[in-house]
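Enquirer: One structure, as structure tokens, below. Some questions next.
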Amino acid sequence: MEALDLLAVSVVSGASRSNESAELDPTLHALQALGSVRAHFAAEVSSPLARGASSSDVSKRQAYRMAELSLEQTARTMLGRVEFLLGVCDSGDSGSDGSGSTGSTGGTDTFSQALTSNRSNAWGVACAAVAHAMRHVAHGGYKPAECFACANDLDALMELGGGICAPEDSKALIAALTRACRIAAQHDASLIHAYGDIPGLFAEALGVELDATVGSSKVSREVRNGSFVASLLHEGVPSSVVRLAEPMLRTLSRRTAGDASKLQAHDACVVPGVCVGVMVEVDSLEFGALNTGGFGNTSRQPVVAFVRRATGDEDVSVAGGGIRGIVCGSALRKLSRLAIGAARNEIPLTAASTPAGAANARGAAVAHLGEWVSLRVSPKSSLGVELRLATAGEIEDAMVAHETRDLRRMDTTGSMAQRLQVVPKLANVVRLGDLVHAKADRCGHKAQSLGDLRRIAKRPGAAFKTLPGLTLPFGTFDASLREQTGKQRALRAAVDLIEKALVTGDAKALKSACAEAYSVAKTVLPSPEIAAAICAAFIGEDPLGTGGGATGGGASNRSSILATTTKVPLLIVRTSSLVEDPGACCGGDKGDPAGDLPSQIVSASKSRDVAGAVGRAWASQFLLSNVVRNAAAGVPIHDTTIAVVIQPLAPGTVTWEARRDDDESESSDGVSTSVSFAPGFGGWPKGAMDGEPCLVTVRHKDGVANTKQFSDVDWKNVVVMGSEVRREIAEYALESLSGTSSEAEEFRKNMARRITAVAVTLSSEFGTPQILEGCVLDDTLFVTRTRPQQPLGGK
């Protein structure tokens, strides 16, 4: 009843803004009360209904569901009222009064002016409304853990005065609001996917005339679908989140001028350049994608591809050598594998950073499908992206350049092979070895780099720790396979099918053959003796191999986490291949089964589980991404093999990555290192819609550190009781590296300086800039991987 009483208070004041302060507070309280009541009904309808439930129980459940839906609609109405009172609307010349009508008063400028003038209640009310809205999205059943965590972070920041105080508070608030907008966008995208073609099909069934301006019924149906769903989403709670959050993000971005803006994190210009080719549309960049769109043999002509779905982990060489330009219908990071590969191959790449941008990009691409086009991607987003029909002269020049490029590719192993590290393998090397002695020709470049790190870390005064490890070198899988005759024949047959599919370019056959080879290979396990030896090597007083000491902060004794580390640790099983891609994303290499952390983390007390993890690692050489990568590097499928690295798991509370900053705009300040942080261990998802880590830059010449952005990644990996890996929601109000206090800021910057010092040292050791990955256990820095940093195009 409290919610209804408060609602009555909020609606009696009419449409005037003269008494907005008196109305806003009870409206927010009513939203909070509605959330509490709705949580009760949502809990009732979410529990399973017993089989054979009585009709009265069913009727009661239906009544609860209708009540819950009514409360959602009431919440939307009240959010609309808050928007009106704050002066928020969809355009600058009209406003919504929360009742469905529009007027000439207010507009977005009213809200923006209140934010710019630091009108305290504008920030507090807007953030509180977003937090309440996120809780209502959670009550609706969409990503409840993420929504509640985001709402709690907003509440905590506003208690500290976020958004109207120090720059650190503003950056933390940017992260929380960006997270809210991302979840809202994902909610709407899921709803659009769920509706599919249904609105268009109903329109056709009811005899609705096709749009005369659109050439085909398929596109017209999509237009009608988009119009219907857009109008539906406009009235939803997630849309209210975006309308409230985006003006705050713009204001905060201006306030933190000079720092990385979350609104610009995924610029439309990912890789600048100009290209000419035939416009095609594909669902994703994968093997055979250009041969499935009905565009004939695209290998004979340059192609500009519109990619509906791209994660950023794709390799541009996989889809075909004819790609000269890429238009993505989703946001991409500039340091994703796809972006790095496009830059290295001088392929212009643009990506839509908003749903509206994606719709515009697809509309332009569809209008020119099958035609020769010119794509110009400007270095600065303000200059825009130009897609137009190509002239006859441009087409002729493009064909000549394409044929010349093909001749150059025939004389080399291809652009992909040039940037891949390919090593000759030594046959019949079957021995369980210490990681510190790993060599590239026996175990691959990844294993050798881990061994190098181990040796460097053992030097007196080293500022970091590494993990001990064992290797199963090239040839161990083949030896185990030879002992199982039936499996050897089955695998050989599957590999023959892979080879045939690679030659013919049959993507469907290749996927099927790779799946068959993987299913056979994962049953090939190391001998029980080898599995037992692996387990025994890591059980003891010092499973992490720290030597009983901890680095950092002058600590002389083992830290509390290290001291409580179980004597029987968890182990992580990773691969080291003949062909390594240094441009692969941190923690996101689809070719390494360790990217699927739970399946490759096993206890050292269970040799059978260890053997299974090794079998899956061996089988990963037949994953589609690895097969295509090896083929592009010129490695015959019958010659592929793989090594395995086993190490104890460091249960870090913070995971980090460091790379030298290639941003030319900062060249006047000298060289700097960018250090990214996220909670938990094992890295973070690399998709543009998975959130961003905390970013701190450190200038080499004077050690000045600057927090560019706070993290808004949703999930973290944690180890519970030393034996269980768990995926938990990240609530940044509780994370040590995400605080806005002076102590948290100094801790964050000092940690970035220490990591930068390690990065500089290792870059000098290896003779080239390195990308480092690692974790933090208490005050101890662990480096868990290093690889050469790939320079972007022209650098």
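Enquirer: I want to check the label-to-label distance for Ala536 and Phe202. Put each point 7 Å from Cα in the C-beta direction and report it in nm to one decimal.
Expert: 6.9
Enquirer: Note down the nm distance, to one decimal, between modelled labels 7 Å out along Cα→Cβ at Glu386 and at Glu765.
Expert: Going by the 7 Å Cα→Cβ label model, 5.0 nm.
Enquirer: Keeping every protein chain present and rolling a 1.4 Å probe, give me the accessible area per residue for the range 644-771 in Å².
Expert: Accessible surface, normalised per residue, equals 39 Å².
Enquirer: Any chance you could run the full-extension gain for Glu44 through Thr116? It's 0.36 nm times the residue separation minus the Cα-Cα distance, nm to one decimal.
Expert: Stretched fully, the Glu44-Thr116 segment lengthens by 21.6 nm.
Enquirer: Could you calculate the contour length gain from Lys511 to Lys487, that is, 0.36 nm times the residue separation minus the distance between their Cα atoms, to one decimal place in nm? Intermediate results must be reported in sequence, preceding the final value.
Expert: Working: separation 24, 0.36 × 24 = 8.64 nm, distance 1.97 nm.
Length difference between fully extended and current span is 6.7 nm.
Enquirer: What is the sum of charges around Arg76, taking Lys and Arg as +1, Asp and Glu as -1, for the other residues whose C-beta is under 11 Å from the C-beta of Arg76?
Expert: Value of the local net charge: -2.
Enquirer: Just list whichever of Lys446/Lys522; Lys439/Lys708; Lys143/Lys465 have alpha carbons separated by over 27 Å in the model shown.
Expert: Beyond 27 Å: Lys439/Lys708; Lys143/Lys465.
Enquirer: Keeping every protein chain in place, order Met158, Met248 by accessible area at 1.4 Å, biggest value first, i.e. largest first.
Expert: Values: Met158 45, Met248 0 Å².
Output order, biggest surface exposure first: Met158, Met248.
Enquirer: If you don't mind, another one. By how many nm would the segment from Asp155 to Met66 grow when fully extended, if each residue of separation counts as 0.36 nm and the alpha-carbon distance is taken off?
Expert: Difference between extended and current length: 29.1 nm.
Enquirer: Follow-up question, since we're still on this one. Please calculate the 1.4 Å probe accessible area of Thr256, with all protein chains present, and give it to the nearest 10 Å².
Expert: Estimated to the nearest 10 Å², Thr256 gives 10 Å².
Enquirer: Moving on. Please compute the net charge surrounding Ala390, taking Lys and Arg as +1 and Asp and Glu as -1 over other residues with Cβ under 15 Å from its Cβ.
Expert: Spelling it out: positives minus negatives among the neighbours equals -2.
Enquirer: Given a 1.4 Å probe and heavy atoms of the protein chains only, how would you sort His437, His234, His29, largest accessible area at the top? Mind dumping the intermediate values first?
Expert: On the way: His437 130, His234 65, His29 100 Å².
Largest accessible area first, the list is His437, His29, His234.
Enquirer: Show me the trypsin sites (Lys or Arg not before Pro) within the range 674-714 that DSSP assigns to loop and that have at most 16 other Cβ atoms within 10 Å of their Cβ.
Expert: Counting only loop positions with at most 16 other Cβ atoms within 10 Å, the trypsin sites (Lys or Arg not before Pro) in the range 674-714 are Lys701.
Enquirer: Then there's this: Just to verify a number: what accessible area does Glu746 come out at with the full protein assembly present, 1.4 Å probe, Å² rounded to tens?
Expert: Roll a 1.4 Å probe over it and Glu746 shows about 90 Å².
Enquirer: While we're on this one: Just read off the accessible area of Arg659 with the full protein assembly in place, 1.4 Å probe, to the nearest 10 Å².
Expert: Accessible surface of Arg659 is approximately 30 Å².
Enquirer: Phe747 to Gln32: FRET efficiency via 1/(1 + (r/R0)^6), r the Cβ-Cβ distance, R0 35 Å, to the nearest 0.05?
Expert: Working: r = 34 Å, r/R0 = 0.97.
Calculated value: 0.55.
Enquirer: While we're here: Place the peptides 520-528, 238-246 in order of packing, highest mean first, counting for every residue the other Cβ atoms within 10 Å and averaging per peptide.
Expert: Packing proxy ranking, top to bottom: 238-246, 520-528.
The values are calculated or read from the model by the stated rules, or taken from the named source; none is laboratory data. Because the structure is predicted, anything quoted here is derived from the model rather than measured. As a convention, Cβ positions derive from the backbone with ideal geometry for all residues, glycine included, and neighbour counts pool all protein chains shown. When the accessible area is computed, the model is the full protein with side chains, heavy atoms only, and any ligands, DNA or RNA have been set aside. Shrake-Rupley method; radii C 1.70, N 1.55, O 1.52, S 1.80 Å.
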